[in-house]
Structure formats: C-alpha cells, structure tokens
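One structure below.
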Amino acid sequence: MVVVDVLSFTTTLSVAVDSGVEVFPYRFRDASAATFAASKSAVLAVGRSERFDDEVSLSPLSVRTAAEPGGVLDANPRLVLPSPNGSAICRQLAETGTTVVGACLRNAPAVASWIREQRFDVVGVVAAGERWPGELLRPAVEDLWGAGAVIAGLTGSLSPEAGAAAAAWAAVTDTVGVALAGCGSGRELAADGWGDEVPVAAEVGLSGVVPVLSGESFTAA
C-alpha cells in the first residue's frame, strides 16, 4: 500500500528519510504522542504555530533545517511525526500486516521503480485527503496528483480509479508548482503563513529514497 499526503506528511517524511532520519508515524499530537516519543527516545514534532528555534514540525523545511549539522535531528535522528491524515493512515494499514510505503511528488518515480522491482501481485495507492472543520473528509487534489505520479510509473492493469489519477497527474505535470500553490491546500498553507513549504512539495523526482514502514517506523528501503 502506497500512502500519499503531499501537503504535507509524506513530503516531510521523504525529506526526513533523505537525511537518514528514522520516522515514527503517530495518529495525533497529544499527551500520548509525547509518551510514545519518550519511549522511542525520539524527537516529537510540534505544531507549526508552536515551533520555536530548532524544533521540528510537520513542515518539511523545519525537518531539513533540523537535520543539518548541529540541528536537533542531527544529534538524534529519530522523529515522531503525528498527522491526522497520512500518518494515521500509515499506522492503520501497518496493523494489517501489509507493506506500507510513503510517497509524494519528490519520490514518486523512485517509489514506482521500487514497486516494480518487488513484483507485488497487487498494489493499492491511497490519496490521503484533508479534513474540513468538524473532521469530515475533504478530498485533496494534490494527493490525487501524487497518487497519479506513482501510478504512471507502474506496469500492469489499472483500475478505472487508478487510470483517472494517472490522467490527472499528466494534466498538471508541466505546471505542478503553480497547481500546488493554487489548489485548496496550497492556498490554505499560504493563508496561514506557510506558503514557502509548497515549493518543497513540488520538487518532482528529486528524491531517490523510498520510505518503507518496518515495525513502527519508516526507514529507507
């Protein structure tokens, strides 16, 4: 199962694993998350608005900075990364015993190549989506694009849904940076003051690292 949460869980995950950071997905950022992080001797990501100095949040830019020499993740390359969408989905899927991979636009070609090498009989791709106020699911087009970017690199028969995702990705491939900035989630990040994260999500194919969930944590395949 491939989980795609472009803005921002799996993008942040890819940046972290690129830097050699082991990532523990967690459903919610609450008191239990702090306890879990302590049990793993890991750094706990805070909310974007709560971040100070060299702390880590769901922002891929914060992870990139924290993994630099002298940063908090350089000293301790273990990170608990809560997210109610992508992270929660990864943990739930892992409980079924299936292989779980984190994908985004940064590593979609690498993920597709790795899947082909593994020769899985069946592959599922989950576009994580977002939440409306009140916790109702909000479909997120950036996750459809990310799913399509992975699917476009696979072989074999596709479901109609998978084919539609691949077609949606093909439609924005040449303008993905503009599309990400203009989609609902991109506008939401910009309105909250985090618009500088969007270009990181648009780094198509920049990462060759495939994060695979083994036990409770993601590491490079």
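The values are calculated or read from the model by the stated rules, or taken from the named source; none is laboratory data. Predicted model only: the values in this text are computed from it and were never measured. Because the Cβ atoms are built from the backbone with ideal geometry, glycine has one as well, and the counts that use them run over all protein chains shown.
A few notes on this one:
- Considering Val212, Val198, the condition of being farther than 18 Å from Ser49 by Cβ, of a type in the set (Val, Ile, Thr) and surrounded by 15 or more Cβ atoms within 10 Å (Cβ to Cβ) is satisfied by Val212 alone.
- Residue in the stretch 145-166 that is farther than 19 Å from Arg64 by Cβ and in contact with a Gly (Cβ under 7 Å, 6 or more places away or on another chain) present: yes
- Residue in the stretch 178-197 that is among the β-branched types (Val, Ile, Thr), part of a helix (DSSP H, G or I) and within 17 Å of the chain's Cα centre (by Cα) present: no
- When each of Ser207, Ser157 is tested for being surrounded by 13 or more Cβ atoms within 10 Å (Cβ to Cβ) and among the small types (Gly, Ala, Ser), the lone residue that passes is Ser207.
- Count - residues of the stretch 3-60 that are free of Cβ contacts under 8 Å to residues at least 60 places away in the same chain and of a type in the set (Asp, Glu): 5
- The stretch 47-63: number of residues that are on the phi < 0 side of the Ramachandran plot and surrounded by fewer than 18 Cβ atoms within 10 Å (Cβ to Cβ): 9
- Qualifying residue in the stretch 24-31 (condition: under 16 Å from Trp194 (Cα atoms), over 14 Å from the mean Cα position of the chain (by Cα) and not in a loop (DSSP other than H, G, I, E, B)): no
Residue-wise test of (1) in contact with a helix residue (DSSP H, G or I) (Cβ under 8 Å, 6 or more places away or on another chain); (2) not small (Gly, Ala, Ser).
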| site | (1), (2) |
| --- | --- |
| Thr10 | yes, yes |
| Phe24 | yes, yes |
| Arg27 | yes, yes |
| Phe36 | no, yes |
| Ser57 | yes, no |
| Ala67 | yes, no |
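- Hey, Pro82 surrounded by 18 or more Cβ atoms within 10 Å (Cβ to Cβ) and in contact with a Lys or Arg (Cβ under 9 Å, 6 or more places away or on another chain) or not: yes
- Flag for Ala16 being under 22 Å from Ala110 (Cα atoms) and either small (Gly, Ala, Ser) or part of a strand (DSSP E or B) (or both): yes
- The residue list Trp132, Trp169 contains one member that is free of Cβ contacts under 8 Å to residues at least 60 places away in the same chain and crowded, with 18+ Cβ neighbours inside 10 Å, which is Trp169.
- Residue match in the stretch 105-125 (condition: of a type outside the set (Val, Ile, Thr), buried (at least 17 other Cβ atoms within 10 Å of the Cβ), modelled with pLDDT of 95 or more and closer than 22 Å to Arg29 by Cα): no
- Selection within the stretch 129-167: residues that are hydrophobic (A, V, I, L, M, F, W, C) and within 21 Å of Pro199 (Cβ to Cβ). The member of this set that is nearest to the chain's Cα centre (by Cα) is Ala147.
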